[in-house]
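Here's the structure we're looking at; comments come further down.
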Amino acid sequence: MAKRLIPNLNRVLVEKILPPSKTNAGILLPEKTTRLNSGRVVAVGPGARDRDGNVIPVSVKDGDTVLLPEYGGTEVKLGDKEYHLFRDEDILGTLHD
């Protein structure tokens, strides 16, 4: 990535994970089954502020794998890669192995 994008407030920059388009046996999967709503967190903003001015930290960190809503987020292109900006509260959860 030529430029480093640091999200504002409680925003999270996510790179969506592209699933394989065919199985190990070589069977091609239809497009609908290859769509996953997960991604890898690339950058995190500092967090939102409450009424007293205290910073409320973001609940995810760089490198986390997260579950994303089907719709929403702002599409951002940096170089030849596509990223999405989500608010912290829009992220549905964190995926662990």
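At-a-glance table
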read-out	value
Boolean, A48 is surrounded by 13 or more Cβ atoms within 10 Å (Cβ to Cβ), among the small types (G, A, S) and touching a residue at least 40 places away in the same chain (Cβ under 8 Å)	yes
Residue count for region 63-97, restricted to those that are over 12 Å from N10 (Cα atoms), acidic (D, E) and over 10 Å from the mean Cα position of the chain (by Cα)	5
Residues located in region 66-97, provided they are touching a His at 6+ places or on another chain (Cβ under 8 Å) and part of a strand (DSSP E or B)	T74, E75, V76
Residue match in region 20-41 (condition: modelled with pLDDT of 85 or more and among the aliphatic types (A, V, I, L, M))	yes
Of all residues making up region 57-95, the number that are open to solvent by 70 Å² or more (accessible area, probe 1.4 Å) and without any contact (Cβ under 8 Å) to a residue 24 or more places away in the chain	8
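The values are calculated or read from the model by the stated rules, or taken from the named source; none is laboratory data. Computed from a prediction, not measured in an experiment: that's the story for all the values here. Every residue, glycine as well, gets a Cβ built from its backbone with ideal geometry; the counts of neighbours run over all protein chains shown. Quick note on the areas: whole protein, heavy atoms, side chains included, nothing else; ligands and nucleic acids left out. Shrake-Rupley method; radii C 1.70, N 1.55, O 1.52, S 1.80 Å.
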